[in-house]
Amino acid sequence: MEKIKSLYLHIPFCTWVCKYCDFNTYAVLEGLIPSYTEALCKEIEVVARRYPVGPLDTVFFGGGTPSLLSQLQLETVMRTVTQAIGLRPGAEVTLEANPGNISAVSCLGWLAAGVNRLSIGIQSLRPGALRFLERLHSGEEAVNAIRAARAASFSNISCDLLYGVPGVATTAFLEDLTAVLAERPQHVSAYELTVEPITRLAQEVRAGQVVMPEADLQLEQYWSAAEVLAGAGFDHYEISNWARPGYRCRHNLTYWEYRPYLGCGAGAHSLLRLDDGSSERFWNVKGPQAYIDRVAAEGVSVAGRELLATERAAGEAAMIGMRMLDGTRAAGAFPAERERLAAAGLLVEEGETVRLTRRGVELANQVGAAFLR
Amino acid sequence: MPTPTSLIRAISVIAHVDHGKTTLSDRLLEFTGTVAPRDMVEQVLDQLDLERERGITIKAQAVRMLYQAQDGKTYQINLIDTPGHVDFSYEVSRALAACDGAILVVDASQGVEAQTIANAHQAMEHHLKIVPVINKIDLQQANPELVREEIEKALGLPGDTAILASARQGIGTREILEAVVREVPPPTGDPAAPLQALIFDAKFDAYRGVVTYVRVLEGGLRPGMRILMMQTGKTFEVDEVGIFRPDRIPIEELSAGEVGYLIASIRNVRDSRVGDTVTDAARPAAEPLPGYRHVTPMVFAGLFPTDSEQYQDLKEALEKLQLNDASLIYEPETSAALGFGFRCGFLGLLHMEIVQERLEREFDLSLLATAPTVEYRVKLRNGEEVPVDNPDHLPDPAQIESISEPVVLATIVVPSAYVGNMMELSQERRGQFLNMQYEPGDRVIITYRMPLGEIIHDYYDQLKSRSKGYASLDYELAGFEEANLVKLDVLVGGSPVDALSMIVHREKAQVHGRRLAERLKALIPRQLFEVPIQAAIGGKIVARETVPALRKDVIAKCYGGDVTRKRKLLEKQKEGKKRMKRVGNVEIPQEAFMAVLTLD
């Protein structure tokens with residue numbers, strides 16, 4: 001089994017669940033945070049003994065809103081990770097944070113706990129868009145959050161932005177992007193606002209209260225963002241991700257390169273890679289209380305698993321690998337599909353590597369699906 | 001001891017669809033103790049799952065009932081349940097030929113309908129004694145007096161003696177049985193004469209081979225006899241004869257007047273043709289029974305596996321199905337667009353639907369059916385005449401002298417308020433008006449001479465929708481007629497799709513082409529590139545539509561926790577594509593091939 005070097009830790013709590021969000025996260029359950037942290041530490045200790053893991057290259061606190069954890073709670077979790085699994089020198093430790101939780105004090109605390117990369121959920125700087133998205137911060141607070149993180153000497157800062165927000169013109173979106181770039185983050189993720197099935201946004205769209213922008217406008221914002229970012233010295237290395245040289249998110253590269261990882265916390269997924277090329281994925285129960293109870297009783301809280309035989313695993317690797325714009329070698333086992341996609345202008349083949357074309361990026365699902373059985 | 005012929009009756013129940021034929025049959029079985037009420041599955045006589053689901057009878061069934069009448073004697077009543085759809089009218093005619101009487105069921109609220117008339121006339125042609133029954137009298141909308149009058153006027157039967165019944169509530173069951181005993185004549189055959197038995201159905205049994213349903217009209221049928229099928233000329237040795245109660249029960253002899261089955265190691269229903277006469281090979285009857293007809297299919301369509309690897313499976317499935325369905329014919333067909341498949345002939349659209357459904361369900365196949373068409377007769381300039389059951393095989397127009405199409409005599413029964421709609425619809429479908437007759441109860445019988453090809457294109461659905469469901473239809477083949485027909489070709493992505501070609505009347509060709517292109521545009525999903533759809537007549541483009549290229553199909557986020565869900569999403573997307581047929585570079589969904597059916 002391939003050695004696991006990445007750990008994802010899920011913090012399923014939010015002060016407010018935004019209307020477009022379908023992640024595994026809960027408002028009003030903050031009271032559970034202390035016992036949840038305890039369960040999380042216990043699970044980490046159990047999986048550390050059970051799987052070939054560590055020392056870790058990357059740790060990622062995702063959510064939810066991990067910045068809701070107190071300084072002490074975060075330190076406890078990090079201490080458990082270090083002691084039970086171990087961190088490699090120079091390991092990337094990311095924390096997702098909302099602008100409202102970022103201050104000079106909190107930043108110093110996170111740094112002290114071992115966090116060295118901050119991913120800030122900015123989404124937009126416009127009052128109208130922030131209100132529409134139900135974000136709890138203002139544009140000014142968002143900018144100040146980046147400044148505070150820098151001032152606290154975070155040297156690896158990522159900013160999340162959303163495009164394709166109803167009512168936000170391309171010029172307005174690009175103004176936001178430029179303003180964010182002026183704060184000199186090392187990394188930017190720009191996501192299309194997607195209508196996920198079971199969200200309030202989906203309900204509003206169905207009811208006709210919200211009209212989502214047309215594909216053409218979404219793509220216009222996407223590609224013009226790509227141009228601005230390229231001009232600012234960022235590499236477009238994944239469909240929705242840009243980084244200055246040396247600052248690609250190593251944790252997320254684990255996913256895209258189809259290397260194994262462990263996920264701890266409610267609803268977290270893990271991937272094991274077996275020597276014959278097959279993989280095993282398992283995931284935890286989603287509800288925080290159920291997670292806490294199961295971990296207390298059994299040490300883990302696996303809710304389901306799937307085994308992917310070699311060929312299906314290869315298909316999955318290719319499906320996810322082609323999201324990296326430098327290309328992937330994972331599509332090697334699919335010469336016929338590669339040829340067809342290349343003929344359709346979606347891929348270019350460079351030796352054993354295949355890379356999405358501009359059109360291929362726009363139709364990446366068509367490419368990904370081609371590798372699945 | 002054989003029943004004296006004076007105590008034998010053979011009857012059929014005939015009715016318009018949904019008038020309660022099967023429910024009434026069930027009540028008769030129950031009342032005579034043939035089936036214990038606790039064993040009564042609704043609709044005992046409809047045995048195929050499909051029949052039960054659709055509430056229609058496809059295959060004929062035969063049951064022997066014993067009934068102790070009020071005169072103190074026990075009668076043997078043979079009940080033959082006939083198929084209830086116009087597609088199977090020949091089977092109906094043979095089942096009726098095996099009877100001496102018929103119970104005609106008319107719904108007390110719906111009254112006389114097109115199939116009531118057609119069935120009653122058929123029964124009369126066979127000189128059957130008809131016992132009219134007005135069913136569903138317990139319904140609030142029931143109007144038995146009006147229905148009596150209709151029976152009298154439209155059918156020329158004595159309406160005043162019609163028995164009032166509710167099969168659902170068991171009202172009138174005894175009265176019906178008494179009327180059968182009293183009015184239906186006993187058989188007149190001579191048990192000592194040379195054997196003449198009429199085949200009215202046949203079923204394939206995996207263990208016993210073909211089970212042949214017969215009525216013995218003259219002589220007797222016993223195991224060990226060598227029998228001769230008089231139409232096919234084949235001989236077999238009888239292994240077993242028996243009756244249905246309703247399960248098969250072997251007996252020693254089926255003698256003149258009796259209804260039952262024979263098993264004789266017959267491998268294929270083709271050798272046991274409905275309408276054929278079974279006789280004693282050693283002492284054959286002088287003549288076969290009249291009325292045999294070689295059943296010919298009326299409707300043709302291509303059946304193709306969506307996955308070309310299932311071709312062999314489809315072939316085997318058709319072979320198996322044919323063992324039990326002599327009216328299904330097929331031959332290999334190759335389509336440039338759809339690959340290898342079979343051109344199949346069916347009795348009608350329902351038959352086609354049933355065959356496709358059985359193939360998919362019982363043999364686990366995924367099939368693509370091309371739009372059904374009729375068989376045209378094409379006269380060539382060189383004097384030759386060729387049948388064409390596939391539009392793509394229509395010869396070069398330069399060689400064609402004329403094309404004839406099958407026409408039918410269609411009978412529509414409808415409340416007078418909808419006469420205008422019916423005439424408008426039939427006119428649109430190139431119908432030639434023949435007659436109109438007003439009946440009591442505000443009913444009108446309209447007859448048209450119409451191209452069969454127009455009827456198979458959703459004519460019946462339109463008839464129903466333009467009459468709020470009140471119209472009923474029956475039709476019979478009435479020969480071939482010359483018509484000004486042309487082939488309409490369809491090009492998708494620039495290449496012709498043979499499976500989408502159709503033969504249409506020249507005057508309607510342009511409109512059809514335009515509508516077909518529009519329908520296809522709506523049905524063909526966006527692809528990686530723009531897909532032009534063109535309709536052409538003899539190389540001239542008459543319509544053009546374009547399916548725009550897929551603009552965007554990308555998931556913004558895909559991280560560790562999303563992979564399974566996203567993969568499943570894409571797999572589902574791909575699964576949908578598998579149901580489509582790839583023609584050139586274009587994925588065409590199944591429905592597109594049926595689009596021509598709903599153009600009007």
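The values are calculated or read from the model by the stated rules, or taken from the named source; none is laboratory data. Predicted model, so just to flag it, every value in this text is computed and none were measured. As a convention, Cβ positions derive from the backbone with ideal geometry for all residues, glycine included, and neighbour counts pool all protein chains shown.
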Inset, instruction - Within the stretch B:296-329, track down each residue that is surrounded by 17 or more Cβ atoms within 10 Å (Cβ to Cβ) and more than 30 Å from B:VAL497 (Cβ to Cβ). - result: B:LEU323, B:ASN324, B:ALA326
Inset, instruction - Having 3 or more residues that are more than 19 Å from the chain's Cα centre (by Cα) is the bar; report the strands (runs of 3 or more DSSP E) wholly within the stretch A:23-126 that clear it. - result: A:53-63, A:87-97
Legend entry - Residues (touching a helix residue (DSSP H, G or I) at 6+ places or on another chain (Cβ under 7 Å) and either outside any loop (DSSP other than H, G, I, E, B) or outside the structural domain of B:ASP87 (by TED's automatic domain parsing) (or both)) located in the stretch B:120-130: B:ALA120, B:GLN122, B:ALA123, B:LYS129, B:ILE130
Inset, instruction - Answer yes if at least one residue in the stretch A:204-211 is in contact with a helix residue (DSSP H, G or I) (Cβ under 8 Å, 6 or more places away or on another chain), in contact (Cβ under 8 Å) with a residue 24 or more places away in the chain and over 28 Å from A:ALA145 (Cβ atoms), and no otherwise. - result: yes
Legend entry - Selected residue (only one of B:GLY233, B:GLY219, B:GLY209, B:GLY224 is surrounded by fewer than 22 Cβ atoms within 10 Å (Cβ to Cβ) and over 31 Å from the mean Cα position of the chain (by Cα)): B:GLY224
Legend entry - Failed criterion for B:GLU175 (all others in (1) in a loop (DSSP other than H, G, I, E, B); (2) assigned by TED's automatic domain parsing to the domain that holds B:ALA69; (3) of a type in the set (Asp, Glu) hold): (1)
Inset, instruction - Have a look at A:ALA169, A:ALA202, A:ALA226, A:ALA182 and point out the one that is modelled with pLDDT of 95 or more, touching a Phe, Trp or Tyr at 6+ places or on another chain (Cβ under 9 Å), in the same structural domain as A:PRO99 (by TED's automatic domain parsing) and among the small types (Gly, Ala, Ser). - result: A:ALA226
Legend entry - Residue check for B:LEU520: at pLDDT below 90 and either over 30 Å from B:ASP396 (Cα atoms) or away from chain A (no Cβ under 14 Å) (or both): no
Inset, instruction - May I ask you to list pairs of residues, at least six apart or on different chains, whose Cβ atoms are under 6 Å apart, with the first in the stretch B:570-583 being surrounded by 15 or more Cβ atoms within 10 Å (Cβ to Cβ) and the second being small (Gly, Ala, Ser)? - result: B:LEU570/A:GLY368; B:LEU570/A:ALA369; B:GLN573/A:ALA369; B:LYS574/A:ALA369; B:VAL583/B:ALA337
Inset, instruction - Output the qualifying pairs, or none if there are none: Cβ atoms under 6 angstrom, residues six or more apart or on different chains, first residue in the stretch A:13-34 and under 13 Å from A:GLU134 (Cβ atoms) and away from chain B (no Cβ under 14 Å), second residue surrounded by fewer than 18 Cβ atoms within 10 Å (Cβ to Cβ) and acidic (Asp, Glu). - result: A:CYS18/A:GLU134; A:LYS19/A:GLU134
Inset, instruction - With the condition kept exactly as written, say whether any residue in the stretch A:112-135 is aromatic (Phe, Trp, Tyr) and within 24 Å of A:THR171 (Cα to Cα). - result: yes
Inset, instruction - Mind listing just one residue for me: the one in the stretch A:252-279 that is hydrophobic (A, V, I, L, M, F, W, C), in a loop (DSSP other than H, G, I, E, B) and more than 10 Å from chain B (Cβ to nearest Cβ) and, of those, nearest to A:ASP326 (Cα to Cα)? - result: A:LEU274
Inset, instruction - May I ask you to list the residues in the stretch A:344-364 that are facing another protein chain (nearest Cβ under 9 Å) and of a type in the set (A, V, I, L, M)? - result: A:ALA344, A:LEU346, A:VAL361, A:LEU363, A:ALA364
Inset, instruction - Could you tell me which numbered condition B:LEU425 fails, if it satisfies all but one of (1) closer than 20 Å to B:PRO372 by Cβ; (2) in a strand (DSSP E or B)? - result: (2)
Legend entry - the stretch A:236-251, residues that are within 12 Å of chain B (Cβ to nearest Cβ) and either free of Cβ contacts under 8 Å to residues at least 40 places away in the same chain or more than 12 Å from the chain's Cα centre (by Cα) (or both): A:ILE239
Inset, instruction - Could you run through the stretch B:530-556 and say how many residues are in contact (Cβ under 8 Å) with a residue 24 or more places away in the chain, crowded, with 16+ Cβ neighbours inside 10 Å and within 14 Å of another protein chain (Cβ to nearest Cβ)? - result: 2
Legend entry - Which numbered condition B:TYR475 fails, given (1) farther than 29 Å from B:PHE304 by Cα; (2) in contact with a Ser or Thr (Cβ under 9 Å, 6 or more places away or on another chain); (3) in a loop (DSSP other than H, G, I, E, B): (3)
Inset, instruction - Run down A:LEU201, A:LEU161 and say which single residue is within 22 Å of the chain's Cα centre (by Cα), under 18 Å from A:CYS18 (Cβ atoms) and part of a helix (DSSP H, G or I). - result: A:LEU201
Legend entry - Residues of the stretch B:250-278 classified as over 28 Å from the mean Cα position of the chain (by Cα) and either assigned by TED's automatic domain parsing to the domain that holds B:PRO391 or not in a strand (DSSP E or B) (or both), total: 4
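Listed here are the residues, each with its yes/no results for (1) in contact (Cβ under 8 Å) with a residue 12 or more places away in the chain; (2) in the same structural domain as B:ALA336 (by TED's automatic domain parsing); (3) over 23 Å from B:TYR90 (Cβ atoms); (4) assigned to a loop (DSSP other than H, G, I, E, B).
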residue	(1), (2), (3), (4)
B:ILE354	yes, yes, no, no
B:LEU359	yes, yes, no, no
B:LEU365	yes, yes, yes, yes
B:PRO395	yes, no, yes, yes
Inset, instruction - Considering only residues that are within 27 Å of A:LEU272 (Cβ to Cβ) and aliphatic (A, V, I, L, M), look in the stretch B:557-600 and name the one that is nearest to the other protein chains (Cβ to nearest Cβ). - result: B:LEU570
Inset, instruction - Look through the stretch A:317-341, keep the residues that are more than 23 Å from the chain's Cα centre (by Cα) and within 12 Å of another protein chain (Cβ to nearest Cβ), and return whichever of them is surrounded by the fewest Cβ atoms within 10 Å (Cβ to Cβ). - result: A:ARG340
